[in-house]
Amino acid sequence: MTSRPVAVLSVAALTAAFGLAFAQTPAPAPAATAPAAVATGELPIPTAPAPAVSKAWVVMDYATGQVLAGDNIDTQLEPASITKVMTSYVIAAEIAKGKVKATDPVMMTEHAWKTGGAGTDGSYSGFEVNKTAPLEQMETGMVVQSGNDAAIALAEHVAGSEEAFAQLMNSYAAKIGMKNSHFVDPTGLSAQGHLSTAHDLALLGRALIHDYPQAYALNKIKEFTVGPITQPNRNLLLWRDASVDGIKTGHTSNAGYCLMASAQRGDQRLIAVVLGDTSEKQRADDVQALLNWGFRFYETHKLYDANAQVSVQKVWKGASPQVRLGVAEPLLITVPRGRFESLKSSMEVPQNLIAPIAKGQKVGTIKLSLDGKQIAEAPLVAIDAVEQGGFFRRLWDSLVMWWKSR
């Protein structure tokens, strides 16, 4: 069947046409006070404050996954201890499946202690060797203190070895959509082939926040004590910006200083990643600037709720003469502030929809564009099932379709 594009409408016109209400309605514009010589059109968004010395960076809208700005976002680099976000994701997923429990006693093995403990160059938690601690405490040490010893002990508990755990990491990474990442260990210590990208890491942070918010919440803890040692969270933005509630730092001599942070202001959440920066302060400054820029110049709107009616289309040979179309998941869009009303919406549906049509079946596509550039699309699905009509209905519709096609 061929598709027919429906006339392009502004989002506001489409809303009126189908009786939909959007969450945000711009307030009336105030009376002009600027000199007449000032242009009244929309000003372009300033260029994002690109980190001067980092190897790669990205700022992403959480709700839509839309990349607002970035550089070298798909370049493979060492992620350092941001790797532990993947470790947290795997642990949370395995807990959700009932394979391990938060109360499990986790052994700090000699291997974990020697490879990631106090005698190594990396960060450590300080759990005693050959003794156990509850999984949730060990994970908190890994997240807050960036403990390599804790990460290794957790990997061994969940999968038996670091190597087996890395296989889980890569399997879950593939499900998340991290197309350019490969994990070799749970810590982020330099290893041949242990690579990720700024874009993939932002997708990972988004997945952890969405799928396992309880695990994500550990990332906002500012300090954690193991035995006599209290260590602070190395994410400086937790102290600088009340809207920041995670997520993870990283540093090795090869990777440089890395930071992924997420912040929520009002209903909007952003995620920013910087890889290969020059200092702990610089990575915090760079990510803070990216978050401020994103919140200042972009906004996210919900266009349609899941299963809300977007359109009604004619159905041939059906028990019902029409079908309601909607989106299976809430459709959100991120646009420059003040440009929501400039969005254009179009639909593509088959020229002839013929029953039977199953509930949830994809029957078309809705596309959103701004200034002639498509910025989002989503499948249109049947909200209700349409059963095949009786013999005479099918016969009559066949005759009408034949006549119309002549």
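The values are calculated or read from the model by the stated rules, or taken from the named source; none is laboratory data. Computed from a prediction, not measured in an experiment: that's the story for all the values here. Every residue, glycine among them, receives a Cβ derived from its backbone with ideal geometry; neighbour counts consider all protein chains shown. Only protein heavy atoms, including side chains, enter the accessible area calculation; ligands, DNA and RNA are left aside. Shrake-Rupley method; radii C 1.70, N 1.55, O 1.52, S 1.80 Å.
Assorted remarks:
- Three-way shape call for segment 128-222 based on the alpha-carbon gyration tensor, with the a/c threshold at 1.5: oblate
- Karplus (6.51, -1.76, 1.60) ³J(HN,Hα), θ = phi - 60°, over segment 363-373, in Hz, Gly and Pro reported as x: 10, x, 9, 10, 10, 10, 9, 9, 6, x, 10
- The length gained on full extension between Thr230 and Asp305, counted as 0.36 nm times the residue separation minus their Cα-Cα distance, comes to 22.4 nm.
- Apportionment of accessible area to carbon and sulfur, segment 78-195, percent (1.4 Å): 50
- The chain, relative contact order in percent, only Cα pairs under 8 angstrom and at least six apart counted: 19
- FRET efficiency for Ser190 and Gln322, using Cβ-Cβ distance with R0 set to 56 Å, rounded to 0.05: 0.40
- Rolling a 1.4 angstrom probe over the protein heavy atoms with all chains in place gives segment 313-387 an accessible area of 45 Å² per residue.
- Rounded if a/c under 1.5, otherwise prolate or oblate - segment 229-282, Cα gyration tensor axes: oblate
- Pairwise label distance in nanometres, Lys131 with Thr109, each label 7 Å out on the Cα-Cβ vector: 2.0
- FRET efficiency for Arg240 and Arg393, using Cβ-Cβ distance with R0 set to 60 Å, rounded to 0.05: 0.35
- Ranked packing of 128-135, 245-252, most packed first, by mean Cβ within 10 Å: 245-252, 128-135
- Count Lys and Arg as plus one, Asp and Glu as minus one, and take only other residues whose Cβ is under 13 Å from that of Ala50; the net charge is then -3.
- Two-site FRET efficiency, Asp384 against Ala102, from Cβ-Cβ distance with R₀ of 30 Å, rounded to 0.05: 0.10
- Karplus-derived 3J(HN,Hα) values for segment 185-194, using 6.51 cos²θ - 1.76 cosθ + 1.60 with θ = phi - 60°, are 9, x, 9, x, 4, 4, 8, 4, x, 8 Hz; glycine and proline are entered as x.
- Share of carbon and sulfur in the accessible area of segment 248-326 stands at 42%, probe radius 1.4 Å.
- Under 26 Å from the Cα of Lys222 - lysines, other chains or at least 8 residues apart: Lys84, Lys101, Lys131, Lys248, Lys281
- Highest-fluctuation residue, Gly141, Gly266, Gly177 considered, GNM on the chain with Cα pairs under 10 Å: Gly266
- A simple count of charges around Gly116, restricted to other residues whose Cβ falls under 12 Å of its Cβ and scoring Lys, Arg +1 and Asp, Glu -1, yields -4.
- Summary of the geometry: segment 54-73 and segment 190-220, compared by the centres of their Cα atoms, lie 14 Å apart.
- The gain in end-to-end length when the Trp403 to Arg296 segment is fully stretched comes to 32.9 nm, 0.36 nm per residue minus the alpha carbon separation.
- Per residue, segment 65-140 exposes an accessible area of 45 Å² to a 1.4 Å probe, with every protein chain left in place.
- Segment 347-381: trypsin sites (Lys or Arg not before Pro) in DSSP loop, at most 16 other beta carbons within 10 Å: Lys359
- For segment 287-406, the tally of Lys pairs with Cα-Cα distances below 27 Å comes to 20, considering only residues 8 or more apart or on different chains.
- Long-range HN-HN contacts of Gly318 with modeled amide H, under 5 Å: Ala355, Gly389
- Amide H contacts for Ala69 (H built 1.01 Å from N in the peptide plane; partners 5 or more residues away or on another chain; cut-off under 5 Å): Val59.
- Convex hull volume per residue, computed on the Cα atoms of the chain, equals 180 Å³.
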